[in-house]
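The values are calculated or read from the model by the stated rules, or taken from the named source; none is laboratory data. These figures come from a predicted structure and were not determined experimentally. Methodologically, a virtual Cβ is constructed for each residue, glycine included, from the backbone with ideal geometry; neighbour enumeration extends over all protein chains shown. Heads up: the accessible areas ignore ligands, DNA and RNA and are worked out on the full protein's heavy atoms, side chains in. Shrake-Rupley method; radii C 1.70, N 1.55, O 1.52, S 1.80 Å.
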Amino acid sequence: MAKYVSINEALGLVKDNDYIVTGLGSAEGREFMTNLHTIAGKVKNIMVSNCLPMGAYEFMTNPAYKDSFRTEGWFYTPVLRKAHANGNISFIYNHLHLASFKRLCYRKPDIYVGIASMPDKHGYISLSTSNTYEMAMIKEAKTVILEINPNAPRTFGDVQLHVDDVDYLVEVNYPIPEIADVEPNEKDLTIGKYIADMIHDGDCIQLGIGGIPNAVAASLMDKKDLGVHTEMLTTGMVKLAKAGVINGKCKQTHKGKMVAAFAMGTKELYDFIDDNPSVCIMDGAYVNDPYTISQNDNQISINSTIEVDLFGQCCSESIGHVQFSGTGGQADTAIGAQKSKNGRSVIALYSTAMVKDKATGERVETSKIVPLLKQGAAVSLSRNDIDWLVTEYGAVNLRGTAMEERAKLIISVAHPDFREQLTKEAIALGIIAG
């Protein structure tokens, strides 16, 4: 019982110049993060690292605390994008499977804080919804504080640890943060159908979250014997598992298991993974290692991007030089899938977006397929690593193509209104012969 402390006692453990790491998304220490700003007058120069934060916490968002706290995140959300203007938010460059290793090369945490399931009769708890980097940080942290929550699903994989290996436990009782299902629109459904047609019975899939992945999942209900090896376990995958579409019987590794680095979605997802031995939440350094991914035959990786140029370079995390989200596991999964026997990697996007014109202030339709990426844009997936490209106008296989042929294929799935101009610009750049 000496390990049990109040949230105020836990906050009292923070000292000047401490480096604090919290869990990813729904695995973050919500109560600790909600109240962290209350010690601003007692400590200084505190660094916090997070990934996909779910809460708009005062220590991050309120400019009044910018001199006390600095945040460095592995993946931006709208909260971090907005708070970035305060001048105390920065992005950590990473591929997900190396996120913990490379960060630990730079700095080890003084404190790790995250959620966990309630202790079982043997004294074991589970890190619940994520082991993307959490266990690696726990092993290196000087002090480990876990918020044990009866609402946190108890999961299997390599997320279990004994309470003896935890310094302090804080009892909490808040609902696990959810991400609502995004209802697919007409474009999503069209793109989802193109991608679903590439997926065969027995394939192993990786999906993200949003309209396009949800549309893909909805289009897979007539498939059989699918497997899952994915960075993120989603509600769409749970629906497929419940329908008997996903059973993992054809996988080469973790046969019969759904393997993920983290789970995030609706209560339906959290209820499904609770005490479910068919779900393995495992170390992101393992799950997202391209070599690990490649060990399952017929691995299909499906990711999205913000814009793609005529060389096949994908910018999936910034708008020009301005950080928007993060690299995450896009390169990990795209490369791993292509190394898999009969594997395929898919990049999907709408052909256009409505973008505000700087001169008029009006929103105008703009092609997301461009001759060149914007100045300063992050190349999340290099031109050497792109495979299939899909928009609402079709799917093209870019594997092994030379520059001119590739540009023509990419232009063929651009919005028809922009194809002529894209071709002219490709000629002017010497990508396509005049």
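Annotations for the structure displayed:
- Restricting region 41-60 to residues that are under 22 Å from the mean Cα position of the chain (by Cα) and polar (S, T, N, Q), the residue that is surrounded by the fewest Cβ atoms within 10 Å (Cβ to Cβ): SER49
- Scanning region 199-215 for residues that are modelled with pLDDT under 95 and crowded, with 24+ Cβ neighbours inside 10 Å turns up LEU207, ILE212, PRO213, ALA215.
- Some residue of region 297-306 being out of contact with any helix residue (DSSP H, G or I) (no Cβ under 7 Å at 6 or more places or on another chain) and not in a loop (DSSP other than H, G, I, E, B): no
- Any hit, region 100-107, residues being of a type in the set (Phe, Trp, Tyr) and in contact with a Gly (Cβ under 7 Å, 6 or more places away or on another chain): no
Condition check ((1) part of a loop (DSSP other than H, G, I, E, B); (2) surrounded by fewer than 19 Cβ atoms within 10 Å (Cβ to Cβ); (3) of a type in the set (S, T, N, Q)) across all residues:
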site: ASP164; (1), (2), (3): no, yes, no
site: TYR174; (1), (2), (3): yes, yes, no
site: ILE179; (1), (2), (3): yes, yes, no
site: ALA217; (1), (2), (3): no, no, no
site: MET221; (1), (2), (3): yes, yes, no
site: THR230; (1), (2), (3): no, no, yes
site: ALA241; (1), (2), (3): no, no, no
site: LYS249; (1), (2), (3): yes, yes, no
site: LYS255; (1), (2), (3): yes, yes, no
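- Qualifying position, being free of Cβ contacts under 8 Å to residues at least 60 places away in the same chain and under 22 Å from ASP274 (Cβ atoms), among ALA217, ALA261: ALA217
- The one condition in (1) open to solvent by 30 Å² or more (accessible area, probe 1.4 Å); (2) assigned to a strand (DSSP E or B) that ASP271 fails to fulfil: (2)
- Test: residue in region 77-88 that is open to solvent by less than 10 Å² (accessible area, probe 1.4 Å), more than 18 Å from ILE115 (Cβ to Cβ), without any contact (Cβ under 8 Å) to a residue 40 or more places away in the chain and under 19 Å from the mean Cα position of the chain (by Cα): yes
- Within region 121-139, restricting attention to residues that are assigned to a helix (DSSP H, G or I) and open to solvent by less than 10 Å² (accessible area, probe 1.4 Å), the residue that is farthest from THR34 (Cα to Cα) is MET137.
- Qualifying residue in region 97-120 (condition: assigned to a strand (DSSP E or B), closer than 21 Å to ALA260 by Cα and either open to solvent by 30 Å² or more (accessible area, probe 1.4 Å) or among the hydroxyl-bearing types (Ser, Thr, Tyr) (or both)): no
- Checking every residue in region 363-373 against the condition of being on the phi > 0 side of the Ramachandran plot and at pLDDT 95 or above gives zero matches.
- Qualifying positions in region 371-396 - over 23 Å from the mean Cα position of the chain (by Cα), surrounded by fewer than 16 Cβ atoms within 10 Å (Cβ to Cβ) and closer than 11 Å to GLY312 by Cα: LEU372
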